[in-house]
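The values are calculated or read from the model by the stated rules, or taken from the named source; none is laboratory data. Since the structure is predicted, the reported quantities are computational estimates derived from the model, not experimental observations. Note: ideal-geometry Cβ built from the backbone for every residue, glycine included; neighbour counts use all protein chains shown.
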Amino acid sequence: MALDIHPDDSKIDPRVSCVNCEAVCCRLTVVLDAADRIPEHMIAHGENGMETMARGVDGWCVALDRGTHRCSIHGTRPQVCRRFAMGGGYCRLERDIFARALAAGRIPLRLA
């Protein structure tokens, strides 16, 4: 089955939940916008001046609560995260990519 590389975020799948996910979106690079108000200790500063959400030693976003798989700064999360609709097209695409990699034995970073 081919991947839909142009996901439609207007179509939300209500069966998709962060609770039954491997926090797939939290392994993606989150580039911060100048308007984002993120605690300094959660920001990684790249050599090129780009600011991103920092990752823990496990490779996951530092804002991810490992116990609940939920964002610990949900109310002030970055703009790019706000546009990533749970159950939306991009969410489903990333989950599909993760599932295919897992099935092929190319297991991405996983929560312990």
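Data table
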{"read-out": "Residues satisfying the stated conditions in the range 35-57, i.e. at pLDDT below 90 and hydrophobic (A, V, I, L, M, F, W, C)", "value": "57"}
{"read-out": "Residue tally, condition assigned to a loop (DSSP other than H, G, I, E, B) and closer than 21 Å to residue 85 by Cβ, over the range 13-34", "value": "13"}
{"read-out": "Some residue of the range 23-34 being closer than 15 Å to residue 73 by Cβ, aliphatic (A, V, I, L, M) and at pLDDT 95 or above", "value": "yes"}
{"read-out": "Cross-chain or 6+ apart pairs with Cβ under 7 Å, the range 92-112 first and at positive phi and part of a loop (DSSP other than H, G, I, E, B), then of a type in the set (A, V, I, L, M, F, W, C) and at pLDDT below 80", "value": "none"}
{"read-out": "Options 49, 59: the member that is over 16 Å from the mean Cα position of the chain (by Cα) and at positive phi", "value": "49"}
{"read-out": "Residue count for the range 80-89, restricted to those that are under 12 Å from the mean Cα position of the chain (by Cα) and at pLDDT 85 or above", "value": "3"}
{"read-out": "Output for the range 35-73, where each listed residue is hydrophobic (A, V, I, L, M, F, W, C), touching a strand residue (DSSP E or B) at 6+ places or on another chain (Cβ under 9 Å) and not in a strand (DSSP E or B)", "value": "38, 42, 50, 54, 62, 63"}
{"read-out": "Candidates 36, 13, filtered to the one that is charged (D, E, K, R), touching a helix residue (DSSP H, G or I) at 6+ places or on another chain (Cβ under 8 Å) and over 28 Å from residue 102 (Cα atoms)", "value": "36"}
{"read-out": "Yes/no for residue 29 being among the hydroxyl-bearing types (Ser, Thr, Tyr) and surrounded by fewer than 14 Cβ atoms within 10 Å (Cβ to Cβ)", "value": "yes"}
{"read-out": "Residue 77 being over 20 Å from residue 12 (Cβ atoms), at pLDDT 85 or above and among the basic types (Lys, Arg)", "value": "no"}
{"read-out": "Test result for residue 68, surrounded by 15 or more Cβ atoms within 10 Å (Cβ to Cβ) and among the polar types (S, T, N, Q)", "value": "no"}
